[in-house]
Every structure is written in C-alpha cells, then in structure tokens.
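One structure is given below, encoded as structure tokens.
Each value in this text was obtained by applying a stated rule to the coordinates, not by laboratory testing. Owing to the predicted nature of the structure, the values given are computational and were not obtained by experimental measurement. When we count neighbours, we look across all protein chains shown, and the Cβ atoms used for this are built from the backbone with ideal geometry, even at glycine.
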Amino acid sequence: MRAAEREQLILDEAIRFFAERGFEGQTRELAKRMGITHATIYRHFPSKEALVERVYEHIYLSRWNPDWGPLIRDRDRPLEARLAQFYLEYVERVFDYNWVRIFVSSGLKSFDITKRYLSIVRREIIEPACRELRYDLHLPDADTLPLSERELEMFWGLHGRIFYMAIRRFVYGTPTPSYLDDIVRDAVASFLNGSKDLLPKLVAELAAKNKSPRAPAGVQ
C-alpha cells in the first residue's frame, strides 16, 4: 500500500474511532483496531494532536461551503429565502454521525475543534445575518450602532434549534423527523416573524444606552 493510501486509511478509521470513543480514545487502541503497529500511525502523524488536526480539516473544513457567507449577504434575495437555503444545505452536510459526535466530544475535551468551528459560524453566518436582519427591518446598520450580544444570541438560538435535531439523532439516539426540509423552513419563518417585534425594541434600547450621558474626559 502506498504511503498516501495508508495515511488516508488511518485518517478514515480515526474519524470513525473518535466518533465512537471520543477523544479519550488512545492511538494505541486505534492501531490495535486497525491491525497495524502503533509506530505505523506515528510515521504518518507525529502526534495525536496532529491526527486530530487532520480530522478537523477533513471532516469540518472540507464540508464548509465558502459560498454560504456570500449567500447570507446577497440582498437581491429575501432574507428568509437566504437563511432557509443555508440551513437546508447545512443540514445536508453536517447531519452525519461522525461529524456530530466528534463535534460534541471535542467540546468536552481539551481539543479546540468546536471552538474553532463555531468561530467560523459566527463570522460567516451569525454576524452577517444580524446585519441583514437590521437592514431588512430598516434599523441602524452595525457600523453606526454595533451589534449587541442579545442580537447575536437570537441568531445562535435559531442555529441551535436546528442543530439540536442532530444532537437528538446522533448523540441521544432519540427519534427525529426523517424529512427535515419543512422543519427547517418552519424554524426560519418563526424566527423571523418573532424578530420583527423583538429586534426593534432591542435596537432602541441599545441606542438609548449609547446616548446616555457619560462623564467628561478626565473625570473618574
């Protein structure tokens, strides 16, 4: 077997192994499961951390669509259509046994896969979506009035609502609908409907706080 083929074989088995055992699983146990020597793994991956990094690149970065960020910001389409398309595509890519279980396991251990991945979600989806919702509702843009944590948490709530179905399916092993398209569209529609009433109030409160009197320069 060529070196590149053996390396890919180790990576593929490591993904399945970590999905089942979590990151407390040892590379020695992985080698035994594969019927190879422990040293063979370390000829291709110098450390467990290096192997985990390749798992991250292979299963997370490779499934991230770089078109999702521009999709959220495309004002030629209604925001509801943009969000629905993103989450329909997102569900198709990440509702996967290995993806979900490794994601959860990483969040419980010292490996920072979860934190790094969620920073991409925040930068490419959550923050732009907050800006687009303000635009849709004719509210001050984020350059004029910076986004608040309450606004960001609103969108994290939508994201979490959809992703929680994957947690139920692949972590808790409880029943979830087999056809998710309508569930996703319902989640987006109900979120936006509620936001029409709530967001103007949040932004008004934020603007009022920003206009509140402050002590003159030099006064403590």
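A few notes on this one:
- Convex hull of the stretch 1-133 built on C-alpha atoms - directionally averaged projected area, nm²: 8.9
- Cα-projected label distance for Tyr172 with Lys115, points at 7 Å along beta-carbon direction, nm: 2.7
- The ranking of Ile125, Ile102 by Cβ neighbour count inside 10 Å, starting from the fewest, reads Ile125, Ile102.
- Remark: Val91, Val184 ranked as Val91, Val184, counting other beta-carbon atoms within 10 Å and listing the fewest first.
- Compared with the alpha-carbon gap, the fully stretched path from Ala4 to Ser47 is longer by 13.7 nm at 0.36 nm per residue.
- The alpha-carbon of Lys196 sits under 17 angstrom from the alpha-carbons of these aspartates and glutamates, leaving out residues fewer than 8 places away in its chain: Glu80, Glu132, Asp136, Asp141, Glu151, Glu153, Asp186, Glu205.
- Evaluated at q = 0.19, 0.30, 0.31 Å⁻¹, the base-10 log of the normalised Debye intensity for the stretch 3-55, with identical point scatterers placed on the Cα atoms, takes the values -0.53, -1.50, -1.61.
- Label-point gap, in nm, between Asp74 and Trp156 - each point 7 angstrom along Cα→Cβ: 2.8
- Each Lys and Arg adds +1 at its Cβ and each Asp and Glu adds -1 at its Cβ; summed about the Cα centre, the stretch 61-210 shows a dipole of about 500 debye.
- Computed over the stretch 61-210, the Cα gyration tensor eigenvalues convert (square root of 5λ each) into semi-axes of 28, 17, 15 Å, ordered from largest to smallest.
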